[in-house]
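For reference, the structure discussed in these notes is given below.
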Amino acid sequence: MSPVTSSAPHTPAAAGPGARLAPQGPEGLGNSLWSINFRLYFTARSVAMLGDTMLPVALSAGLLSYGYSAGDIGLVMAATTACFAGFVIFGGVIADRFDARRMMIGADLARVCTQSTAAVLFLTHSVRLWEVVLIGVVNGTCAAVFQPGVASTVVRVARDVQGANAVTRAAESGASLAGPALAGVLVGFTSAGAVFAVHATTYLTSALCLLALRLPAAGTRARDGGGKAAPGAFRADLAEGWREFRARTWMWSVILVWTVYTMCVMGPFIPLAAGQIIPEHGAGAYGLMNSALGAGTAVGALTAMRLRADRPLRAGTFGIFAFALMPTAVGLDLPMPWLCCGVFAAGIGGAFWAVNWATSVQTQVPNEILNRIHAYEVAGSVAMLPVGQALAGPAASALGARHVLQAGGVVAVCVAVTLLCIPAVRGLRRAR
């Protein structure tokens with residue numbers, strides 16, 4: 001819906017799991033959102049997201065051109081997501097113990113290599129499914145190392161956390177608007193390999209921008225005299241992160257509901273939507289649909305930047321109702337103009353929810369455990385996504401792709417209703 005150390009930390013015991021914490025802005029930032037550090041971070045994320053939004057078009061069109069099916073596309077995506085979900089919790093512990101920025105840079109550089117390899121495979125017409133799956137496995141593992149640092153980096157580079165999340169989400173929407181269209185053009189005039197080559201350069205740009213960040217020194221976890229983590233401390237950190245995650249009813253209840261959402265809605269959508277739209281309307285139409293999603297995401301992010309509800313999760317949940325329009329529109333095989341309208345509205349709702357959720361996590365959780373809690377909530381959010389992606393093909397064969405997508409729209413509505421029925425979710429107040 002993929003896809004992130006701080007000064008003056010608060011201890012979990014002092015703050016309490018339900019405490020509302022004021023956002024901890026970086027030192028020397030002043031009142032301006034657009035500090036040098038935030039501009040570098042914003043550039044890193046925006047450019048990398050541009051490449052990420054190009055990838056589904058390249059992967060789908062590229063594999064389909066070699067005779068692979070929607071189920072094969074789902075398998076590659078499932079491999080990536082499964083590795084991400086399986087390793088992101090460990091990435092969170094490492095990010096809290098060491099330098100999250102260096103981990104993020106290393107992950108970006110590793111993905112420069114994997115996407116360059118994919119570009120060579122597609123440009124030389126020597127694509128084999130197992131090789132693409134292996135690249136997906138490495139990319140998923142790299143994402144698991146990268147993602148835990150995102151939440152704590154936002155808090156360190158921006159004093160206005162919701163504003164930072166909103167403009168970053170707006171940039172993602174701009175990437176979603178331009179990326180698929182650019183990918184469609186590159187696929188049409190060259191090949192999918194060219195898109196993978198461009199994607200590699202976006203990760204290189206991200207690594208260089210993160211390397212240029214100048215952040216205040218962050219606290220480190222307990223080490224022994226030799227600078228190594230104390231024996232058993234890694235497992236203790238995992239256990240502490242789990243206790244803090246479990247102590248926040250509003251968080252674990254959302255994640256529990258979200259597992260149904262990702263398995264039944266988001267998991268099947270990308271491979272099945274590609275399989276429905278590309279053969280009938282072409283890669284350009286699929287790119288247009290993704291661009292409509294990006295435009296809606298921009299509007300939703302800007303709305304979230306200005307509309308700051310006292311109960312952010314309750315307000316954000318109403319956006320999920322709108323998101324139900326996306327699988328429904330494709331499942332009903334609406335004409336492209338109407339389909340794009342439905343996806344545009346879905347983008348507004350999805351971005352409004354995403355900004356409110358990210359801001360709640362980043363401002364309600366003590367800084368010294370933020371990476372671990374963020375890793376737990378991310379892992380829970382995507383745990384069932386590879387299941388949905390892997391089952392998309394068999395479910396489509398048994399029930400029909402359009403029926404699976406229509407059912408996804410119904411599930412999205414049920415998810416929104418369920419979240420509104422949970423007191424801890426609808427009653428969570430904004431951090432002051």
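Quick check: net charge around THR317, other residues with Cβ under 12 Å of its Cβ, Lys/Arg +1 and Asp/Glu -1?
Value of the local net charge: +3.
Can you give me the Kirkwood hydrodynamic radius for segment 54-137, using every pair of distinct Cα atoms, in Å to one decimal?
When all Cα pairs of segment 54-137 are included, the Kirkwood radius is 14.1 Å.
Please give the FRET efficiency for ARG235 paired with ARG102, using the beta carbon to beta carbon distance and R0 = 22 Å, rounded to the nearest 0.05.
After rounding, the FRET efficiency stands at 0.45.
For segment 256-356, what does the relative contact order come out to in percent, with C-alpha contacts under 8 Å and a separation of six or more?
With pairs under 8 Å counted, the relative contact order is 37 percent.
Could you tell me the center-to-center distance, by alpha carbons, between segment 353-415 and segment 241-288 in angstrom?
4 Å
Among LEU293, PHE146, VAL167, which residue has its Cα furthest toward the positive end of the charge dipole of the chain, with +1 on Lys/Arg Cβ and -1 on Asp/Glu Cβ?
The Cα lying farthest towards the positive end belongs to VAL167.
When a/c reaches 1.5 or more, the comparison of a/b and b/c decides; with that in mind, is segment 232-317 rounded, prolate or oblate per its Cα gyration tensor?
It is oblate, given that a/c is not under 1.5 and a/b is not larger than b/c.
Give the shape of segment 300-344 as rounded, prolate or oblate, defined through the alpha-carbon gyration tensor: a ≥ b ≥ c are the square roots of its eigenvalues, a/c under 1.5 means rounded, and otherwise the shape is prolate if a/b is larger than b/c and oblate if not.
It comes out oblate by the Cα gyration axes.
Run the dipole for the chain about the Cα centre, Lys and Arg Cβ at +1, Asp and Glu Cβ at -1, nothing else charged, and hand back the magnitude in debye, nearest 20.
1180 debye
I'd like the Karplus ³J(HN,Hα) series for segment 57-62: coefficients 6.51, -1.76, 1.60, θ = phi - 60°, whole numbers in Hz, and an x wherever there's a Gly or Pro.
5, 5, 5, 5, 5, x
Which shape class applies to segment 133-187: rounded if a/c is under 1.5, otherwise prolate when a/b exceeds b/c and oblate if not, where a ≥ b ≥ c are the square roots of the Cα gyration tensor eigenvalues?
oblate
Once you have the Kirkwood Rh of segment 363-419 from its Cα pairs, apply Stokes-Einstein at 37 °C and 0.692 mPa s and quote D in µm²/s.
Rounded, D is 238 µm²/s.
Output ³J(HN,Hα) for segment 304-319: one whole-Hz value per residue in order, computed from phi by the Karplus curve 6.51 cos²θ - 1.76 cosθ + 1.60 with θ = phi - 60°, and x for Gly and Pro.
Ordered by residue, 3J(HN,Hα) equals 5, 5, 9, 9, 10, 5, 5, 10, x, 6, 5, 5, x, 4, 5, x Hz.
Bear in mind these aren't lab numbers, they're just calculated from the coordinates by the rules spelled out. Keep in mind it's a predicted model, so treat the numbers as computed, not measured. Note that each Cβ is placed from the backbone with ideal geometry, even for glycine, and that neighbours are counted across all protein chains shown.
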